[in-house]
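Comments concern the structure below.
The values are calculated or read from the model by the stated rules, or taken from the named source; none is laboratory data. Bear in mind that the values here come from a model prediction, so they are computed numbers and not experimental data. Glycine gets a Cβ as well: all are built from the backbone with ideal geometry, and neighbour counts include every protein chain shown. These area figures cover heavy atoms from the full protein model, side chains too; ligands, DNA and RNA do not enter into them. Shrake-Rupley method; radii C 1.70, N 1.55, O 1.52, S 1.80 Å.
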Amino acid sequence: MELTRFIDILEQDLNRIRSIHADLTPSVPSCPGWDIGRLIGHLGRVQRMALGVLTTGSMEPPPTDQLESPPANHDALRAYFDRSSDSIVDTLRHINPSSPCWTFLGGPDEASFWFRRMAQEHAVHRFDAELAIGDPRPIPADLAIDGIDEYFILHNVRTLPTRPDFTLPGSVHLHSTDEGVHGEWMISHVDGRLVVTQEHAKGDAAVRGSASDLLLGLWSRLDMRAGDQFERFGSDAVIDALASIGGT
């Protein structure tokens, strides 16, 4: 994807969240224990983490005790979110994408990483916020396809090393059904890592759905194992195992 496309979608999603956050009390069913206030507090803190390295070029993550915490007062919390939302969009629009800074997926350690990560983070949480008010909208297909690619990188680097007992008992093929946008993935589990290729092939299981639904299913926002949004074929055990990776 073009980096400007990431920024444009990020700005749209931030505006959607702002249109919701007048009332911070609705529960977010896809993030148990969260309400919209907790959600925008989380996003404000994530934005500050990204800004902490983008604006300084630091090759180390900002110390968590130096990040401004979300305030408890609702008016202050909205302002906290709005300030960093404006700053992250402005910073990404003006920074050189090749500027060096800390990332957490093993490189390249440059600002371009944060264009994708911020767009993907906010797309899923925008869906969460809209779900809380009963009006969830899909993620644009091109961003969702990119997000599926990023999902497997993220979980190979951050999740599976902490889950040595995880097993994917076979291969699985994911196939997006969006017109005009192609997305297919073949996933297997080898030596503790998910091996992912972009191809049409027959696996032990297959799941078909829109790119948005597939991404939201991987992130446990939709039920890939039983949801009506998906067509499923082959081994239920393989689909169950893939869906169990999940994430917040």
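Between Ser99, Gly33, Ala132, the Cα set farthest toward the positive side of the dipole of the chain (charges on each charged residue's Cβ, about the Cα centre) is that of Gly33. Between His74 and Arg193, the contour length at 0.36 nm per residue exceeds the Cα-Cα span by 38.6 nm. For Ala111, the residues whose amide H sits under 5 Å from its own are Ser99, Cys101, ignoring neighbours fewer than 5 places away on the same chain, with H placed 1.01 Å from N. Over the stretch 37-167, the pair-distance histogram of Cα-Cα distances with 10 Å bins from zero comes to 11, 35, 39, 14, 1 percent, rounded to whole numbers. Of all beta bridges that DSSP places with both ends in the stretch 175-248, some 85 percent have antiparallel geometry. Solvent exposure of Ser235, expressed as accessible area, is near 40 Å², computed with a probe of 1.4 Å over the protein chains only. Computed about the Cα centre, the dipole magnitude for the chain is approximately 360 debye when only Lys and Arg (+1) and Asp and Glu (-1) carry charge, each at its Cβ.
Based on the Cβ-Cβ distance of Thr248 and Asp223, what FRET efficiency does E = 1/(1 + (r/R0)^6) give at R0 = 22 Å, to the nearest 0.05?
0.90
What is the stretch 104-248 by shape, rounded, prolate or oblate, if you read a ≥ b ≥ c off the alpha carbon gyration tensor as root eigenvalues and call it rounded for a/c under 1.5, prolate for a/b larger than b/c, and oblate otherwise?
Here the stretch 104-248 falls in the rounded category.
For the chain, take the longest principal axis of its alpha carbons; what is the angle in degrees between that and the long axis of helix 3-20, to the nearest 10 within 0 to 90? Roughly 70 degrees, rounded to the nearest 10.
Surface composition of the stretch 7-95: carbon and sulfur atoms hold 50% of the protein heavy-atom accessible area at a 1.4 Å probe.
Between the helical axis of 141-154 and the longest alpha-carbon principal axis of the chain there is an angle of about 80 degrees. Both radii are taken from the alpha-carbon atoms of the stretch 165-248; with Rh as the Kirkwood radius, Rg/Rh is 0.93. In degrees between 0 and 90, to the nearest 10, how far off the longest principal axis of the chain does helix 74-94 point, with axes built from Cα atoms? That works out to roughly 80 degrees.
Take the Cα of Asp236, step 7 Å toward its Cβ, do the same at Met1, and the gap between the two points is 3.5 nm. Take Tyr151: with every protein chain present and a 1.4 Å probe, its accessible area is about 0 Å². Based on DSSP H segments of at least four residues, each scored -39500 (n - 2.57), the chain has a per-residue ellipticity at 222 nm of -14500 deg cm²/dmol. Compute for the chain: radius of gyration divided by Kirkwood radius, i.e. Rg/Rh, restricted to C-alpha atoms, rounded to two decimals. Radius of gyration over Kirkwood radius for the chain works out to 0.97. Using heavy atoms of the protein chains and a probe of 1.4 Å, the accessible area assigned to Val196 is about 50 Å².
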